[in-house]
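A quick write-up on the structure given underneath.
The values are calculated or read from the model by the stated rules, or taken from the named source; none is laboratory data. This one's a predicted model, so the numbers in the text were calculated from it and none came from an experiment. Virtual Cβ from ideal backbone geometry, glycine too; neighbours counted across all protein chains shown.
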Amino acid sequence: MRNQTAKLDLIILGASGNLARMKIFPALFALFSQGLLPPEARFYGLARRSLSQEEFREQIMRHLTCRYTPEHSCAVHIERFLAACRYCRGDYRSPDGFAELGSLLRPDRNRLFYLALPPEIFPAAAANAAGLAQNGTDGAWTRVVLEKPFGRDRASSDRLNRELLRQFSEEQLYRIDHYLGKEMVQNLIVLRFANQIFKPLWNSRYIRCVKIDWQENIGIEGRGDYFDHYGIIRDVIQNHLLQLVTLIAMREPATLTADAVRDRKLEVLRAMETVALGDLVLGQYAAAELNGRKIPGYTAEPGVRPDSLTPTFARLRLRIGNDDWREVPFIIRAGKALAEKKSEIRVVFRNPESNIFCTRDRCPPANELIIRIQPDEGIQFNIVSKTPGLKMRLQTKELDLSYDTAFADTVIPEAYESLLLDVINGEKALFIRKDELEAAWDIFTPVLHEIETAQIKPEPYAFGSSGPEAAREGICNNE
Ligand code: BG6
């Protein structure tokens, strides 16, 4: 058990919002019920709504699950957890709004502020939180967790950073990208560097292309106001999926320390070319009828402008201009309202130049390594095998490490559990450093501006389909 001796007051700003209710409190409870948080930790929620303590606790309780503790002892944990939760009503923008909170925080405790707020409120809320920061005299720390979006482009992201860095140091800021907390994403570094077999193969000599496929089978689910202002590239590609590319493409760090790992990721980001408009297909979901039910298209969603050109789908090619990857396209395909929900990385190996199994016009298919991030976490390696029988016939079969069976008795933690524990322990490897964020925006800012200035019209695709026509043909360096 880690960190049992530290003392903690954890403050969630935006405590009545979806993120707090659905992700943050359940993750805190999961850690609490396993005894992973400091004893006597308290959880303060601040929001504008008027809520009694009972209503606040009731809201939290609805989303707690007993994944780590048997049902009978879980009730006791829930009761203790809720007793440690306390609500304060307040306006994020005014120092007065923080007065009640300030009077409740304990003097000698570490303070962790979680800004589960829309980004336009970050600077004001951070300034008010800074007014409650520990001054460090008795060794107590103050840390601040931020959720994306970190700006809309390089300039707005820089502005936001400047404002936050007026109140806190870079060391105190924890920029969350929750994909880095996912179990399978944390496994990428292990897969690549703890298994000797992959090391010599991991470059353009053996790898033909890398595909990252991210699909959701739901629309924007009431988040029209936010999504219409950002679109799919800013929502998941510039952050979550780009982070996956860095973990696939980075060289082996000298150590596992936060800066050694983030330096390696930064090298990849800095070697990446800016995305070209010609390498992009954009789409927007349209109305459809599914199982006899009429489903509205994107522009009919609440909060979305009826003439919106915001893409809900994008396919693009990233190029990394270094010796390891110059010839290898990284193809990202991401979309809302598609046929299924999945996130996976597919590493496609090259066909050998000569192979005794090649006939005049056909060679056995290339090997593929597939990393299934969700759902159904697993690692699959497609190999060519002899089909049993008296003739020499070949077929592709899968070596499959499915988490369901390989780790049947293990609870797979939610990303937020892992990330919150890291913040409490001061571990920064899974958080985005300022220079990484800047480099990530540099890759996308020119094309995002070009799309908006030229008012590029996304190609419509039916809700529940496999995306726009133009994005269906393969672009994986066909050999
Ligand atoms: C969020 C995006 O960052 O990630 C959402 O804003 C998206 O649009 C979500 O649905 C996906 O997260 P997960 O963990 O469900 O894959």
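Observations
- Residue in region 201-211 that is within 16 Å of the ligand (Cβ to nearest atom), surrounded by 21 or more Cβ atoms within 10 Å (Cβ to Cβ) and under 24 Å from ASP323 (Cα atoms) present: no
- Members of region 53-67 that are surrounded by fewer than 18 Cβ atoms within 10 Å (Cβ to Cβ) and outside any helix (DSSP H, G or I): ARG62, HIS63, THR65, CYS66, ARG67
- Where helices (runs of 4 or more DSSP H) sit wholly within region 151-248, those with at least 2 residues that are of a type outside the set (D, E, K, R), outside the structural domain of PRO123 (by TED's automatic domain parsing) and more than 28 Å from GLU459 (Cβ to Cβ) occupy 154-167, 183-193.
- For GLN34, the conditions (1) touching a residue at least 12 places away in the same chain (Cβ under 8 Å); (2) surrounded by fewer than 16 Cβ atoms within 10 Å (Cβ to Cβ) all hold with the exception of (2).
- Any chance GLY297 is surrounded by fewer than 13 Cβ atoms within 10 Å (Cβ to Cβ), assigned by TED's automatic domain parsing to the domain that holds THR255 and either without any contact (Cβ under 8 Å) to a residue 12 or more places away in the chain or among the small types (Gly, Ala, Ser) (or both): no
- Some residue of region 321-328 being β-branched (Val, Ile, Thr) and touching an Asp or Glu at 6+ places or on another chain (Cβ under 8 Å): no
- Screening PHE98 on (1) under 24 Å from LEU421 (Cβ atoms); (2) in contact with a Gly (Cβ under 7 Å, 6 or more places away or on another chain); (3) of a type in the set (A, V, I, L, M, F, W, C) shows it passes everything except condition (1).
- Positions within region 39-52 being touching a residue at least 60 places away in the same chain (Cβ under 8 Å) and crowded, with 20+ Cβ neighbours inside 10 Å, in sequence order: TYR44
- Some residue of region 261-277 being closer than 23 Å to LYS457 by Cβ, in contact (Cβ under 8 Å) with a residue 24 or more places away in the chain, surrounded by fewer than 21 Cβ atoms within 10 Å (Cβ to Cβ) and among the β-branched types (Val, Ile, Thr): yes
- VAL423 vs. criteria at pLDDT below 95 and among the hydrophobic types (A, V, I, L, M, F, W, C): no
- If you check LYS428, LYS391 for being part of a loop (DSSP other than H, G, I, E, B) and outside the structural domain of ARG319 (by TED's automatic domain parsing), only one passes: LYS428.
- Tally, over region 341-396, of residues that are among the polar types (S, T, N, Q), touching a Leu at 6+ places or on another chain (Cβ under 9 Å) and surrounded by 12 or more Cβ atoms within 10 Å (Cβ to Cβ): 4
- Some residue of region 130-146 being surrounded by fewer than 20 Cβ atoms within 10 Å (Cβ to Cβ), in contact (Cβ under 8 Å) with a residue 12 or more places away in the chain and assigned to a helix (DSSP H, G or I): yes
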